[in-house]
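The values are calculated or read from the model by the stated rules, or taken from the named source; none is laboratory data. Computed from a predicted model, the values in this text were never measured in an experiment. Note that we place each Cβ from the backbone using ideal geometry, even for glycine, and neighbour counts take in every protein chain shown. Side chains are part of the model used for accessible areas, which takes the heavy atoms of the whole protein and leaves out ligands, DNA and RNA. Shrake-Rupley method; radii C 1.70, N 1.55, O 1.52, S 1.80 Å.
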Amino acid sequence: MNGRSYRLPTDAITVICLDGWDPAYLEHSLAAEELPAIARCVAEGFHGQAVSAMPSFTNPNNFSLVTGVPPAGHGVSGNTYLDRATGQTVMVTGDAELRAPTILAALANAGVPVAIVTAKDKLRRALAKGLPIGAHGIAVSAERAAEARLETHGIADLPGLVGAPVPEQYSAELSLFVLDAGLALLRAGRARFLYLSLSDYVQHRHAPEAPEAREFLRAADQRIGALMAEGALVAATADHGMTDMAQPDGSPHIVFIGDVLEAHFGIEAARVICPIADPFVRHHGALGGFVRVYLAEGGPTPEAVIACLQQVPGIHLAITGAQACALYDLVPEMEGDVAVFGARGVALGARASEHDLSQLAGERLRSHGGLFERAVPFLLSRPLDPAWQAAHPVPHNYDIFDAALNGTQAP
């Protein structure tokens, strides 16, 4: 599958995408001895760090996890991109852009009962591409759990199975419902391989030491422990980390790239796309650590724009789109003329007039997308084979399926 071979599982496996779980969250709560299940993984299994795909957004990394390849291999390197042919921005909310087959579909087609449970329905629709819905394929989301139907999702009455109501979109309960649904499907014998993708709502709002974050991690740890108690191998990583992007006074620390370029080169010389933008705009206000610049015909050259941006405080790196693709395995069709990466703790936006900061509801801006949110946990409830570790000295998060299926030692 996409250049790798995978063993069929002999027992239950659960792969979890811990959306936004910067390693600092685990470090803080493990030090406080608040996560007994994850502590058991550390002691008896494997706990390390991996590198996420770029950009460090939800869509590219979830797609990388389920295909085992970077964005250049599966076709998606953003939540939003500019269609150069039409001049329109396109939000990735389905499977149209995903051009690589998934490991999940391959497992289901090989006869392994597979269940996909996502927090966000946009991911459910994409990750289910090629999945044979039915006896070997279930794909549901917490966001729209009430809409699950046997013929379209592989199961009906998901809230009834879980024993909980449909959670609010912006809540910690959205992620906990995903874990509870996975556990219910496992206990009901409906799945032997589960992919559970959470929401980063808590991490966008709360730092690792905040009581709300610690409470959420404790609740998630209880569910992970329950999955392990059912005999499942649990393998977990994250799609990206999280960085505080606020000033000391709490106001967002933002560089509006569109405004900078307009002041320097004139109106309509460049168009800035924020590829972090997605339907969950309250998480981040469409502000993150990475933006793309598209230049008008007859306007400034990429070199001129890069020279301008290199002088702007808060910019970590500005390079051509081709260089970004070569360095970070991005998708050329989605890339701009110039790729811009923010400094640590600095968010990038288009124009100030294009961002509604009231979406942050007075909270400190915590976001991701750049080079400083690539470190993510890499956790398994069973030991990794030393040969697998030697072959992956610095694993990517999209090595998690390979680790779970090919790299774990027998229980």
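Pulled fully out, how much extra length does the chain show between residue 2 and residue 352, if you take 0.36 nm times their separation in residues and subtract their Cα-Cα distance? If you can, show how the numbers build up before the last one.
Numbers: separation 350, 0.36 × 350 = 126.00 nm, distance 4.12 nm.
Full extension of this stretch gives 121.9 nm more.
Summing -39500 (n - 2.57) over the DSSP H runs of n ≥ 4 in the chain and dividing by its residue number, what mean residue ellipticity at 222 nm do you reach, to the nearest 500 deg cm²/dmol? Each step should come with its number before you reach the end.
Values: 15 runs with 125 residues, N = 411.
For the chain, the value works out to -8500 deg cm²/dmol.
Counted residue by residue at 0.36 nm each, then reduced by the alpha carbon distance between them, the extension gain from residue 188 to residue 406 reaches 75.9 nm. Heavy-atom accessible surface of the chain, averaged per residue, reaches 36 Å², computed with a 1.4 Å probe.
Projecting label points 7 angstrom from Cα along Cα→Cβ for residue 157 and residue 11 puts them 3.2 nm apart. When the GluC sites (Glu not before Pro) in segment 73-169 are filtered for DSSP coil states and for at most 13 other beta-carbon atoms within 10 Å of their beta-carbon, the remaining sites are 168.
Computed in the context of the full set of protein chains, the accessible area of the chain at 1.4 Å probe radius has 51% of its extent on carbon or sulfur. Note the angle between two axes, namely the Cα long axis of helix 173-187 and the longest principal axis of the Cα atoms of the chain, as a number of degrees from 0 to 90, rounded to the nearest 10. Between the helix axis and the principal axis of the chain, the angle is about 30 degrees. Where both bridge residues fall in the chain, DSSP classifies roughly 55% of the beta bridges as antiparallel. Computed from Cα atoms alone, the Kirkwood hydrodynamic radius reported for segment 1-146 is 17.0 Å.
The relative contact order of the chain comes to 27 percent, based on Cα pairs under 8 Å that sit 6 or more residues apart.
Per residue, the average separation of C-alpha pairs within less than 8 Å and at least 6 apart gives segment 140-283 a relative contact order of 15 percent. Ranking of 196, 371 by solvent-accessible surface, largest first: 371, 196 (1.4 Å probe, protein heavy atoms only, all chains present). Each residue, residue 326 and residue 171, gets one label point 7 Å from its Cα in the Cβ direction; the gap between the two is 5.0 nm.
For the pair segment 28-55 / segment 224-274, the C-alpha centres are spaced 22 Å from each other. Consider the candidate values (i) 62, 45, 43; (ii) 65, 57, 45; (iii) 80, 63, 42; state which one is Cα extents along the principal axes in Å computed from the structure displayed. Read-out taken from this structure: (i). A Förster distance of 51 Å, applied to the separation of the beta-carbon atoms of residue 110 and residue 304, puts the FRET efficiency at 0.45.
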